[in-house]
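Since the structure comes first, as structure tokens, the remarks are kept for the end.
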Amino acid sequence: MRVYGCGMQQIGRTFPAAVAATLVGAIVVIAPGTASGVAPTVGARSGAAFDPAPVTGQSGSLIAAYSLIAPKGVAKSQLLTRAVTTPGSCPTLTVKDSQSQTQTLSMTRRSPAPGTGNFFTSVTVCERPMPTKMVSAKVGGKRVPAAIPTNIDRIALFADTGCRIEQFRGQVISQDCNDPDQWPLAKIAQQIANAQPDVILNPGDYFYREADCPVSLQSSCGGSPPIATGVPFKDTSDLWLKDVIRPMRPIFPVAPVLMLRGNHEACDRGGNGFMLFFDPRPSTAATCAPLSATQAPVAATPTWFADLDLIKSRSLRLANVDSAYGSDGPTQSAWVPTQAKLYQAAANGTKPQPGRESWLLTHRPIMGHTGSHWLSLDQELASLGLLGNYNLILSSHIHLTQAVWMANYPPNLIMGNGGTKLDAAPQPLTSAFPVTATPPFTVPAATDWSSSTFGFAVAEPGTQANRWRITHLGVDGKKFAGCYAKTRQMTCS
């Protein structure tokens with residue numbers, strides 16, 4: 001239920017090895033080999049300037065505007081409004097309250113990370129915390145959500161959205177980015193808008209254009225902007241516009257969005273763009289700033305929370321955990337202790353309260369699989385003993401939709417079918433869960449369901465606490481499957 005109707009410049013510039021460590025609350029692991037004082041100078045290819053282009057006094061032309069769900073420490077309303085424009089000065093945010101009083105508010109420019117050169121200067125990104133108790137809002141004449149609705153009864157879920165272009169065994173392979181049936185993100189975004197959800201949750205992986213489109217594949221990926229070179233990352237603002245922002249525009253006026261980081265938004269891939277466009281905190285813009293011409297930081301963002309008001313005097317707390325790093329394999333990596341701190345913070349912030357349910361949002365599944373074996377020992381070990389507060393774990397990462405549930409534990413719902421090339425539906429799990437715990441994991445899983453179908457889902461709270469109906473919808477907006485969650489249990493068909 002809704003309540004809101006060039007040549008190189010300053011090449012000698014250096015970057016502190018622990019630049020990201022100065023961010024408020026950031027958890028940073030500096031990659032091996034970086035000096036403790038000053039990192040090597042960031043180099044540049046010919047024609048790449050290392051200072052963003054100056055913002056002129058002329059107002060930029062609006063490309064997109066949206067309202068991000070944010071921590072209460074960022075905005076009391078839990079909404080942060082962003083605008084993406086062509087280079088220029090920021091637009092204004094116009095808001096109206098329930099008494100029809102209108103305010104015109106200035107927006108502040110959000111700068112790209114230091115060391116990203118001219119790769120993020122084709123746009124201006126602006127932001128403003130949304131005031132509380134607003135009923136309508138516009139940026140540059142375009143409507144944006146003015147509040148998180150009360151009495152929420154429809155939550156849209158989708159993720160893993162970008163068009164895959166990558167190097168594989170020395171060759172560039174590409175999804176057909178120019179065929180809306182083969183890369184249906186724009187169609188899915190329109191169907192999500194048609195469903196009129198109250199809020200939209202996306203657990204990560206947006207940036208998939210990680211190689212230049214070769215001459216031989218122009219029919220599939222011609223028109224894709226070039227990737228960044230001479231720097232330790234691949235994304236640019238032009239790539240983010242093409243892969244994410246423009247195709248997602250149908251959802252932006254409809255509902256607030258919560259955008260979580262995935263492994264494709266690691267600092268050496270698409271991290272700088274994610275921090276600029278979609279991380280909701282002011283302190284993370286430089287998280288992925290290059291340490292040198294070849295070295296990106298390995299940096300996790302802090303766990304944060306958002307609260308939603310549901311129907312029937314129920315509330316839902318979302319614990320948002322960054323799992324951009326770590327291994328997907330059956331062996332433990334050195335990332336586990338850092339990851340465990342993020343899961344511990346989530347557990348600390350979701351202690352049971354009367355009337356409150358909690359979901360864990362994290363990109364990499366804790367319980368998920370692409371074959372007949374479990375996916376990630378890192379996530380399983382890092383979260384061990386810290387899952388008791390949740391009714392549901394929402395993830396993506398695997399390019400399909402999947403539900404895995406074992407007795408005594410919350411079900412893991414995986415929404416990775418939002419547009420990127422799909423994985424084949426796997427066979428049911430046959431191996432025992434690789435870690436032991438109290439209470440024990442019941443193997444085989446009570447629910448182990450997968451579908452390799454493009455689309456999204458809508459979660460609707462049931463008439464009783466801890467009950468949810470989750471409807472899976474295809475590119476045509478029609479139902480192809482459904483799941484029912486009941487007090488940390490799930491069935492799908």
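The values are calculated or read from the model by the stated rules, or taken from the named source; none is laboratory data. Note that the structure is predicted; figures quoted are calculated from it, not measured. Methodologically, a virtual Cβ is constructed for each residue, glycine included, from the backbone with ideal geometry; neighbour enumeration extends over all protein chains shown. These accessible areas exclude ligands, DNA and RNA; they are computed on the full protein's heavy atoms, side chains included. Shrake-Rupley method; radii C 1.70, N 1.55, O 1.52, S 1.80 Å.
Starting from region 284-311, take each residue that is farther than 26 Å from residue 116 by Cβ and list its partners that are part of a loop (DSSP other than H, G, I, E, B) and small (Gly, Ala, Ser), counting only C-beta distances under 7 angstrom and pairs at least six apart or across chains. These pairs meet every condition: 305/349.
Given 452, 396, 431, which one is more than 28 Å from residue 210 (Cα to Cα) and not charged (D, E, K, R)? Spell out the reasoning first.
Working: 452 fails: more than 28 Å from residue 210 (Cα to Cα); 396 fails: more than 28 Å from residue 210 (Cα to Cα).
Step by step, each of 452, 396, 431 is checked, and only 431 is more than 28 Å from residue 210 (Cα to Cα) and not charged (D, E, K, R).
Under 20 Å from residue 231 (Cβ atoms), open to solvent by 10 Å² or more (accessible area, probe 1.4 Å) and charged (D, E, K, R): does that describe residue 281? So residue 281 fails the test. Residues that are of a type in the set (Phe, Trp, Tyr) and open to solvent by less than 10 Å² (accessible area, probe 1.4 Å) occur in region 238-246; there is at least one. Exactly one residue among 485, 457 is in contact with a His (Cβ under 7 Å, 6 or more places away or on another chain) and in a strand (DSSP E or B), and that residue is 457.
Can you name every residue in region 296-321 that is modelled with pLDDT under 95 and among the β-branched types (Val, Ile, Thr)? Passing the criteria: only 311.
Being within 23 Å of the chain's Cα centre (by Cα) and among the aliphatic types (A, V, I, L, M) is the filter; apply it to region 400-423 and report the residue that is surrounded by the fewest Cβ atoms within 10 Å (Cβ to Cβ).
422
Going through region 210-237 one residue at a time, which ones are small (Gly, Ala, Ser) and either open to solvent by less than 50 Å² (accessible area, probe 1.4 Å) or assigned to a helix (DSSP H, G or I) (or both)? Those that are small (Gly, Ala, Ser) and either open to solvent by less than 50 Å² (accessible area, probe 1.4 Å) or assigned to a helix (DSSP H, G or I) (or both): 211, 216, 219, 220, 222, 224, 228, 230, 237.
The set of residues in region 330-384 being under 17 Å from residue 263 (Cβ atoms), within 22 Å of the chain's Cα centre (by Cα) and in a loop (DSSP other than H, G, I, E, B) consists of 335, 363, 364, 365, 366, 368, 369, 370, 375, 376, 383.
Does residue 189 satisfy being of a type in the set (Gly, Ala, Ser), surrounded by 20 or more Cβ atoms within 10 Å (Cβ to Cβ) and farther than 25 Å from residue 453 by Cα? Before you say what the answer is, go through the steps one by one.
Numbers: of a type in the set (Gly, Ala, Ser): yes; surrounded by 20 or more Cβ atoms within 10 Å (Cβ to Cβ): yes; farther than 25 Å from residue 453 by Cα: no.
It is false that residue 189 is of a type in the set (Gly, Ala, Ser), surrounded by 20 or more Cβ atoms within 10 Å (Cβ to Cβ) and farther than 25 Å from residue 453 by Cα.
Only one of these is in contact with an Asp or Glu (Cβ under 6 Å, 6 or more places away or on another chain), modelled with pLDDT of 95 or more and either under 24 Å from residue 315 (Cβ atoms) or among the hydrophobic types (A, V, I, L, M, F, W, C) (or both): 152, 148. Name it.
Among 152, 148, only 152 is in contact with an Asp or Glu (Cβ under 6 Å, 6 or more places away or on another chain), modelled with pLDDT of 95 or more and either under 24 Å from residue 315 (Cβ atoms) or among the hydrophobic types (A, V, I, L, M, F, W, C) (or both).
Every residue, every condition in (1) of a type outside the set (Ser, Thr, Tyr); (2) in a strand (DSSP E or B); (3) surrounded by fewer than 19 Cβ atoms within 10 Å (Cβ to Cβ), yes or no:
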| position | (1), (2), (3) |
| --- | --- |
| 84 | yes, yes, no |
| 96 | yes, yes, yes |
| 99 | yes, no, yes |
| 111 | no, no, yes |
| 114 | yes, no, yes |
| 121 | no, no, no |
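Which of (1) under 14 Å from residue 256 (Cα atoms); (2) in contact with a Ser or Thr (Cβ under 9 Å, 6 or more places away or on another chain) does residue 193 not meet, given it meets every other one? Failing condition for residue 193: (2).
Within region 55-82, the set of residues being closer than 14 Å to residue 138 by Cα and open to solvent by 70 Å² or more (accessible area, probe 1.4 Å) is empty.
Exactly one residue among 177, 163 is open to solvent by 10 Å² or more (accessible area, probe 1.4 Å), in contact with a strand residue (DSSP E or B) (Cβ under 8 Å, 6 or more places away or on another chain) and part of a loop (DSSP other than H, G, I, E, B), and that residue is 177.
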